[in-house]
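Trainee: One structure is given below, represented as C-alpha cells, and several questions about it will come after.
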Amino acid sequence: MQFETPPPPPPATRRAPTFQPNPAADARQLLGALLPPCPALRHVQQAHARLAVLGLATARALPQLLAALPRLPPGGADASYSYPLSLFRSSSSASAFASNHLLRVLPHPLPLSLFPRLPRRNPHSFTFLLASLSNNLDTGQTVGSSASHFLGSHVHALAMKAGAAGDLYVRNALIHFYGICGDVAAMRRVFDELPLVRDVVTWNAILAGYVRAGMVGYAREVFDGMPARDEVSWSTMMGGYVKEGQLEVALETFRNMLVQGVKANEAAIVIALSAAAQLGLLEQGRFVHEMVKRVGMQVSVNVGAALVDMYSKCGSIAVAREVFDAMPRRDVFAWNSMICGLAAHGLGHDAVELFEKFVTEGFCPTSITFVGVLNACSRTGLVDKGRWYFRLMLEKYGIESEMEHYGCMVDLLSRAGLVQEAVELIEGMHIAPDPVLWGTILSACKRHGLVDLGITVGNKLIELDPAHDGHYVLLASIYATAKKWDEVRKVRKLMSNRGTNKSAGWSMMEAHGIVHRFLVGDMDHKDFVQIYNMLGMIDRRLAEAGYVPDVSSVLHDIGHEEKVHAIKVHSERLAIAYGFIVVEAGSPIRIVKNLSLCGDCHEFSKMVTKVFSREIIVRDGSRFHHMKDGMCSCHDYW
C-alpha cells in the first residue's frame, strides 16, 4: 500500500504585533502641546478637562497632571489644595514620582504632615520637604526661623536614618536650607562632610549662604576655590558685593565674568545695572545695556525696570523714558522706577501725569508709588496736589502713611514756606516721628530765616540724635546767619567734644570708563596741577562775567577772603574743572555728589554753563540738577 506524502504545511502566518495603549505617554505628549511653559493652576485644570473629553484622564495619566502643576502659594483657597490631593489619591500607582510632586506642589506645612503617610518615597522626597521649608523661610511666611530650623533638622535626621543623607540632591537641599536659616556652621558642616559628593549646585548653595549671612569675605574664598563656575556663581558673588555696598567691585566682577566667556544671566544683568545706578555711573550702565543688545537678550520686565532705574539715577531721564515707553509689558516696579525718576529730576508735572496714566491702566499703587508722586509734588511745589494724594493714599487705597510719606509731605510744606503746618503734621503723626523729619524742619528754618524756631528745633535734634553731624552743622549755620559767632563756636565745640565730625563731602565723575573721586581741597589726584590751573581760569572768566561768591554757608568766623578760598575748592568745583579737561565739548559733565549742593556752588555751576556753553548734570544727596545756559532744572527750588 502506497502512502501519499502529505503536502508541507503552509508557512506560518506572521501576525502583526499588537500595541497596548499607553494613556500616560499619550497624556504626557498632549499636555506638552496644551500647556504654556509656566502653567498656572487653571491651565492644568483646563488641560485635565481636555484629557477627560478624549478619554485619556486615566489613573495612570493623573501623575503627569500633578507634575505639571506649579507650586501653590500659602494661604490659598482649600479648593486649590484639594485638587492636587485628589489627583494623587485617584492615581492608580502611588509612585514615588507622584509623591514627590505632591510634596513639591503643596506649601508649608502640608508636605511635612503628609510625608509619613505617603505610600512610596525615595531620596528626592527629602529634597522636596526641605525645599518647602526653605521656600517658607525665603518668603517670610513663617512666624519664626527657629521653628523651621528645628523641623529642617528633623528632616535631616530622617534622611540620615533612611540612608539618603549622602545623596547629592539631598545634600544640596540641606546646604540651601541651612543657608536660608542663617545657620552657617551647619551649612558648612554638611558641605565639608563628603567632599566627593559635590557639583556646581553644591558650591553655589554654600556661596549663596555666605552672601545671605553678609560674609562676603568667606563667599569670595569659596568662589575662588570653585573647580567650576557658572553664571549663577558669578551673579551670586556680584549680589554679595552689592549687598555690602562694594558697588565698584560688583561691576568689576561683572566685567571679569564676561572676559572669561561666561554668558551673563538675567540676575547678573539686573545686579550690574543696580550697581551702576547706585553709583550714578552712566558709562558703566550703558556698557551693560549694550551687552544686552549685543547678545540679543530679551528685555524682560525685570531687565526693563532695572534699565529705567539705571538711566534715571545716572541722569539720563530722556533715555529712561524711551526704555519705559518701548517695554512691551510693564509691571508696578517699572512704573514706580519711572515715576520716582521723573520726580528726582524735578519733572513733577510729568510724574503726576504718569501716575494718573498708571491708575487709568488698572494698576494698583503701592507704598513706593506714593513716595514717588508725593516727592514729585514736593520737588515742584504742587502743595494742593500733594495734600490730595496724601489723603487719597489711605482713603481710596488703604495704604497707611509711613515715614517716607510723612517725609515727603514735611518737605513739600517746608519748601513752600508752610513750616508751621509741617510742624503740626509731625506732631499729629500716628507713628513716632523720625529725627529726619525734624531735620527737614531745621533745614527749612535756615532756608526761610526762622532763627528762633531753628534754634529750638536744632537743640532738640542734638538731644534726640547726638551722633548726627548734620544737625550740629545746620544749627551752627543758623547761628552764623544771625551773626552769633559765639554760639557757632559753642556748637562746634560740642560737636568736637562728642566725637562727631562733619561728613566729608565728595564728588565723583566718570570719564572714559575710569571713576574719579574728589574731596574738598583735594591734592591727591594725579592731574591736580592741571585741575587747579583750569579752576583758576574758570574763576577768572566768571569774575569777569559778574559772579560774586556767596560765603554765607561758611561757618567759621574768619575773614571774607579766607571764606572765598574755602568755597573755591569744594569738591564739585574740582570735578567740573576736571570735566573741562577730559570731557569733550558738547557732552555734559556728569557729577555725583554725596551731600546737597551748597547755594554758592549751585550758582557757580549755573554761571559756568552760561559763560562756557557747557552742560552740567549733578546728582546730589537730594535730587538731580540739569544746568544749561545759566538755568537749572530745579528752578532754584531745592
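Trainee: For the stretch 425-469, name all the residues that are more than 23 Å from E402 (Cα to Cα) and either touching an Asp or Glu at 6+ places or on another chain (Cβ under 8 Å) or buried (at least 17 other Cβ atoms within 10 Å of the Cβ) (or both).
Mentor: Correct list: C445, K446, L450, L453, G454, I455, G458, I462.
Trainee: Quickly run through the stretch 397-427 and pick out the residues that are of a type in the set (G, A, S) and in a helix (DSSP H, G or I).
Mentor: Matches in the stretch 397-427: G407, S414, A422.
Trainee: Kindly indicate which of N135, N100, N204 is surrounded by 16 or more Cβ atoms within 10 Å (Cβ to Cβ), out of contact with any helix residue (DSSP H, G or I) (no Cβ under 7 Å at 6 or more places or on another chain) and in a helix (DSSP H, G or I).
Mentor: N135
Trainee: What's the number of the only condition in (1) farther than 27 Å from D636 by Cα; (2) modelled with pLDDT of 90 or more that D486 fails to meet?
Mentor: With respect to (1) farther than 27 Å from D636 by Cα; (2) modelled with pLDDT of 90 or more, D486 is out only on (2).
Trainee: Just one of (1) among the small types (G, A, S); (2) in a loop (DSSP other than H, G, I, E, B); (3) over 37 Å from the mean Cα position of the chain (by Cα) trips up A467, so point out which.
Mentor: A467 satisfies all of (1) among the small types (G, A, S); (2) in a loop (DSSP other than H, G, I, E, B); (3) over 37 Å from the mean Cα position of the chain (by Cα) except (3).
Trainee: Next question. Which one of these is among the small types (G, A, S), in contact with a His (Cβ under 7 Å, 6 or more places away or on another chain) and under 26 Å from L450 (Cα atoms): G417, G407, G386?
Mentor: The unique qualifying residue is G417.
Trainee: Does the stretch 515-533 hold any residues that are over 25 Å from A275 (Cβ atoms) and surrounded by 12 or more Cβ atoms within 10 Å (Cβ to Cβ), and which are they?
Mentor: Once the filter is applied, which keeps residues that are over 25 Å from A275 (Cβ atoms) and surrounded by 12 or more Cβ atoms within 10 Å (Cβ to Cβ), the stretch 515-533 yields V520, G521, D527, F528, Q530, I531, Y532, N533.
Trainee: Let me ask you something else. Would the stretch 312-328 turn up any residue that is touching a Ser or Thr at 6+ places or on another chain (Cβ under 7 Å), surrounded by fewer than 24 Cβ atoms within 10 Å (Cβ to Cβ) and either at pLDDT 95 or above or charged (D, E, K, R) (or both)?
Mentor: Yes, the stretch 312-328 has at least one match.
Trainee: Let me ask something else. Quick one: in the stretch 356-375, which of the residues that are assigned to a helix (DSSP H, G or I) and without any contact (Cβ under 8 Å) to a residue 24 or more places away in the chain is surrounded by the most Cβ atoms within 10 Å (Cβ to Cβ)?
Mentor: That would be F358.
Trainee: Then there is this: Restrict the check to the stretch 376-396 and report whether at least one residue is farther than 29 Å from M338 by Cβ, of a type in the set (D, E, K, R), more than 31 Å from the chain's Cα centre (by Cα) and part of a helix (DSSP H, G or I).
Mentor: No.
Trainee: Could you check K385 against (1) in the same structural domain as R492 (by TED's automatic domain parsing); (2) farther than 30 Å from R492 by Cβ and say which number it fails?
Mentor: Single failed check for K385: (1).
Trainee: Something else about it: For the stretch 381-412, what are the residues that are under 17 Å from W438 (Cβ atoms), of a type in the set (F, W, Y) and surrounded by fewer than 20 Cβ atoms within 10 Å (Cβ to Cβ)?
Mentor: none
Trainee: A follow-up question, please. So, in the stretch 522-562, exactly how many residues are assigned to a helix (DSSP H, G or I), of a type outside the set (G, A, S) and modelled with pLDDT of 90 or more?
Mentor: 15
Trainee: Of all residues in the stretch 487-510, which are surrounded by fewer than 17 Cβ atoms within 10 Å (Cβ to Cβ) and either in a strand (DSSP E or B) or within 33 Å of the chain's Cα centre (by Cα) (or both)?
Mentor: Let us first name the residues in the stretch 487-510 that are surrounded by fewer than 17 Cβ atoms within 10 Å (Cβ to Cβ), namely 487, 489-490, 493-494, 496-499, 501-504.
Matches in the stretch 487-510: N501, K502, S503, A504.
Trainee: Identify all residues within the stretch 187-208 that are in contact with a Phe, Trp or Tyr (Cβ under 7 Å, 6 or more places away or on another chain) and small (G, A, S); write none if there are none.
Mentor: Residues satisfying the conditions do not exist here.
Residues are listed down the side, and each one gets a yes or a no for (1) among the β-branched types (V, I, T); (2) more than 30 Å from F115 (Cα to Cα); (3) over 28 Å from the mean Cα position of the chain (by Cα):
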residue: A165; (1), (2), (3): no, no, yes
residue: N172; (1), (2), (3): no, no, no
residue: Y178; (1), (2), (3): no, no, no
residue: C181; (1), (2), (3): no, no, no
residue: V184; (1), (2), (3): yes, no, no
residue: M187; (1), (2), (3): no, no, no
residue: V201; (1), (2), (3): yes, no, no
residue: G209; (1), (2), (3): no, no, no
residue: M215; (1), (2), (3): no, yes, no
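Trainee: Which one of these is outside the structural domain of P588 (by TED's automatic domain parsing) and touching a strand residue (DSSP E or B) at 6+ places or on another chain (Cβ under 7 Å): E252, E283? Before the answer, list the steps.
Mentor: Values: E252 fails: touching a strand residue (DSSP E or B) at 6+ places or on another chain (Cβ under 7 Å).
Residue meeting the stated conditions: E283.
Trainee: Looking at (1) part of a loop (DSSP other than H, G, I, E, B); (2) farther than 23 Å from H101 by Cβ; (3) without any contact (Cβ under 8 Å) to a residue 24 or more places away in the chain, which is the only condition G163 fails?
Mentor: Evaluating G163 over (1) part of a loop (DSSP other than H, G, I, E, B); (2) farther than 23 Å from H101 by Cβ; (3) without any contact (Cβ under 8 Å) to a residue 24 or more places away in the chain leaves (2) as the failure.
Trainee: Between residues in the stretch 621-634 that are in the same structural domain as I576 (by TED's automatic domain parsing) and closer than 20 Å to C340 by Cβ and residues that are of a type in the set (S, T, Y) and at pLDDT below 95, which pairs lie under 6 Å by C-beta distance while being six or more apart or on different chains?
Mentor: As it stands, the answer is G621/S596; S622/S596; H626/S633, since those pairs meet every condition given.
Trainee: Pairs, please: C-beta under 9 Å, at least 6 apart or cross-chain, first residue closer than 18 Å to G214 by Cβ and in the stretch 224-245, second part of a loop (DSSP other than H, G, I, E, B)?
Mentor: Matching pairs, first to second residue: S235/A264; S235/N265; M237/R229; G240/G214; G240/M215; G240/Q246; K243/G214; E244/G214.
Trainee: Residues that are surrounded by 16 or more Cβ atoms within 10 Å (Cβ to Cβ), in contact with an Asp or Glu (Cβ under 9 Å, 6 or more places away or on another chain) and either among the charged types (D, E, K, R) or in a helix (DSSP H, G or I) (or both): does the stretch 180-189 have at least one?
Mentor: yes
The values are calculated or read from the model by the stated rules, or taken from the named source; none is laboratory data. Treat the numbers as computed from the prediction; the structure is a model and nothing was measured. Glycine also receives a Cβ, built like all others from the backbone with ideal geometry; neighbour counts cover every protein chain displayed.
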